[in-house]
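Everything on this sheet refers to the single structure shown next.
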Amino acid sequence: MTYAQIVGWGYAVPSRIMTNSDIEQLVDTSDEWIRTRTGISERRIAGPKESTSTLATRAAQNALQVADLSPSKVDLVIVATSTPDFPMPSVASIVQDNIGAARAGAFDVNAACSGFIYALSVASGMIAGGLHENVLVIGADTLSRLVDWTDRSTCILFGDGAGAVLLRRSESPTGLRSCVLGSDGSGVGSLYVPAGGSRTPITAEQVQARQHFIKMKGGEVFRFAVHAIAQATQQAVQSAGMTMDDVDLFIPHQANIRIIQSAAKALKIPPEKVFSNVNRYGNTSTASIPIALCEAIEAGKVSVGSNLALVGFGAGLAWGAAIVQWGVDATPMPFAWWKSMVRNIQSREAVVRSFALRTQRRIDALRRVNGIHGV
Ligand SMILES: CC(C)(COP(=O)(O)OP(=O)(O)OC[C@H]1O[C@@H](n2cnc3c(N)ncnc32)[C@H](O)[C@@H]1OP(=O)(O)O)[C@@H](O)C(=O)NCCC(=O)NCCS
């Protein structure tokens, strides 16, 4: 049998911190209200030069460094996102170029906040099916760009970030042990961005009516989330041939501490097995699970043989749960100066490669124009 083992991990968040007091300056709310209703104290907001692809690129580079893998060995880049840099092309193609993964394919997956679980299952299936050896799976979003900063029921919730894992083909029975994916598209109106897609293109009127921002029915989403997490996690645990007691760490999508606690209670998972960092990042959408995974590793909560229950939910409405058996030593390696030198060289190579390809394309275009003129 072939398995897809997680051998690299990394994350990236913007340096700009927006606290609850900062939000108090924008809308009628309070730090106390936000903390007690959501558990969020602060979130990271992308700066003008940052975007989903820049965060995804940094997370990917960090994951490659942990995996000690050259970008040229990456076969496929999958980015889960619902805030791509452009409607097309994919963020994955931009990341593939940025990191210099010269022979990799690239595509995006959109399953909103559950996207990372969907991308993980696609990548694991491709590796298990023998199609690829090394696949980068990235969850990255900049929901701050879709937030209406005059709507106090949504602007308090979201933040920006990216998390990545590198999956490698392995004979050892680790990695994804089971996966449950689900969708209830009748709930599309519970959480969505009305304008900006093919149904309602952006016009001045749509912008005037603030239809290009996130609209959410908070209570509906809350009830859906608690139910979806509990049901999907139970199904994934059963399908892995385990019981809830076998789960060593529960890493749910970080949307709201009350959702996480209610779901953990329904699943009878004790608080010490629940990982949460929602207080520092808010809801980073599809990035939240891989960022939380990285921080759980940093906190020494993940070791060889650990069974992790990862569960996502969100717009769609869609959800996904995965049981991952950890297979590699996650102890931080001592800093090696030469490794960071190699990484610097690799990222410079990627920049030069991209520049050379773009220049070649311009030269070809000029030649063609001259050829046509010459006819
Ligand atoms: C959004 C959410 C925090 C609201 O909490 P809630 O306890 O359900 O609050 P309600 O929506 O019932 O609103 C209660 C009151 O607080 C007010 N309120 C809403 N946002 C507020 C804010 N930021 N500050 C102060 N008051 C606020 C409402 O206007 C309402 O006032 P009213 O009773 O006078 O009408 C909660 O519903 C939630 O977290 N839902 C899930 C959202 C989510 O996770 N989405 C992403 C999924 S991926």
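The values are calculated or read from the model by the stated rules, or taken from the named source; none is laboratory data. Being a predicted model, the structure only gives us computed values, none of them experimental. Positions of Cβ are backbone-derived with ideal geometry, glycine not excepted, and every protein chain shown enters the neighbour counts.
Quick notes
Conditions (1) on the phi < 0 side of the Ramachandran plot; (2) touching an Asp or Glu at 6+ places or on another chain (Cβ under 8 Å), marked per residue:
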{"position": "ASP160", "(1), (2)": "yes, yes"}
{"position": "VAL165", "(1), (2)": "yes, no"}
{"position": "ARG168", "(1), (2)": "yes, yes"}
{"position": "GLY182", "(1), (2)": "yes, no"}
{"position": "GLY196", "(1), (2)": "no, no"}
{"position": "GLU205", "(1), (2)": "yes, no"}
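- Of note, GLU298 does not satisfy the criterion of being out of contact with any helix residue (DSSP H, G or I) (no Cβ under 8 Å at 6 or more places or on another chain), at pLDDT 90 or above, surrounded by 14 or more Cβ atoms within 10 Å (Cβ to Cβ) and charged (D, E, K, R).
Yes/no per residue for (1) among the acidic types (Asp, Glu); (2) in contact with a helix residue (DSSP H, G or I) (Cβ under 8 Å, 6 or more places away or on another chain):
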{"position": "PRO14", "(1), (2)": "no, yes"}
{"position": "ASP31", "(1), (2)": "yes, yes"}
{"position": "THR36", "(1), (2)": "no, no"}
{"position": "ARG58", "(1), (2)": "no, no"}
{"position": "PRO71", "(1), (2)": "no, yes"}
{"position": "PRO87", "(1), (2)": "no, no"}
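- Any hit, the stretch 326-343, residues being in contact with a Cys (Cβ under 6 Å, 6 or more places away or on another chain) and either within 30 Å of SER183 (Cα to Cα) or touching a residue at least 24 places away in the same chain (Cβ under 8 Å) (or both): no
- Residue count for the stretch 165-217, restricted to those that are part of a helix (DSSP H, G or I), surrounded by 14 or more Cβ atoms within 10 Å (Cβ to Cβ) and within 16 Å of the ligand (Cβ to nearest atom): 2
- Count of residues meeting criterion [surrounded by fewer than 24 Cβ atoms within 10 Å (Cβ to Cβ) and either of a type in the set (Asp, Glu) or modelled with pLDDT under 95 (or both)] in the stretch 131-163: 3
- Checked against the criteria, ALA119 counts as closer than 19 Å to ALA315 by Cβ and away from the ligand (no atom under 13 Å from the Cβ).
- Residue count for the stretch 264-292, restricted to those that are part of a helix (DSSP H, G or I) and either within 15 Å of the ligand (Cβ to nearest atom) or out of contact with any Leu (no Cβ under 7 Å at 6 or more places or on another chain) (or both): 18
- Flag for VAL328 being in contact with a strand residue (DSSP E or B) (Cβ under 8 Å, 6 or more places away or on another chain), aliphatic (A, V, I, L, M) and part of a loop (DSSP other than H, G, I, E, B): yes
- Only one entry of GLY100, GLY130 meets the criterion of being touching a Pro at 6+ places or on another chain (Cβ under 8 Å) and at positive phi, and that entry is GLY100.
- Residue satisfying all of: in the stretch 149-164; assigned to a strand (DSSP E or B) and either out of contact with any helix residue (DSSP H, G or I) (no Cβ under 7 Å at 6 or more places or on another chain) or not charged (D, E, K, R) (or both); farthest from the ligand (Cβ to nearest atom) among these: ALA164
- For the stretch 17-42, taking the residues that are within 13 Å of the ligand (Cβ to nearest atom), under 24 Å from ALA140 (Cα atoms) and not in a helix (DSSP H, G or I), the one that is nearest to the chain's Cα centre (by Cα) is identified as ILE40.
- When the stretch 344-371 is limited to residues that are more than 33 Å from the chain's Cα centre (by Cα) and polar (S, T, N, Q), the one that is modelled with the lowest pLDDT turns out to be ASN370.
- Scanning the stretch 314-339 for residues that are surrounded by 11 or more Cβ atoms within 10 Å (Cβ to Cβ) and polar (S, T, N, Q) turns up just one, GLN325.
Results for (1) under 15 Å from SER114 (Cα atoms); (2) near the ligand (Cβ under 9 Å from one of its atoms), shown as yes or no for each residue.
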residue: HIS227; (1), (2): yes, no
residue: ALA230; (1), (2): yes, no
residue: VAL237; (1), (2): no, no
residue: GLY241; (1), (2): no, no
residue: ASP245; (1), (2): no, no
residue: LEU249; (1), (2): no, no
residue: HIS253; (1), (2): yes, yes
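- Only one of the listed residues (GLN254, GLN261) is without any contact (Cβ under 8 Å) to a residue 60 or more places away in the chain, in a loop (DSSP other than H, G, I, E, B) and under 21 Å from PHE222 (Cα atoms). That residue is GLN254.
- Note on the stretch 231-247: residues that are surrounded by fewer than 20 Cβ atoms within 10 Å (Cβ to Cβ) and either among the charged types (D, E, K, R) or part of a helix (DSSP H, G or I) (or both) total 8.
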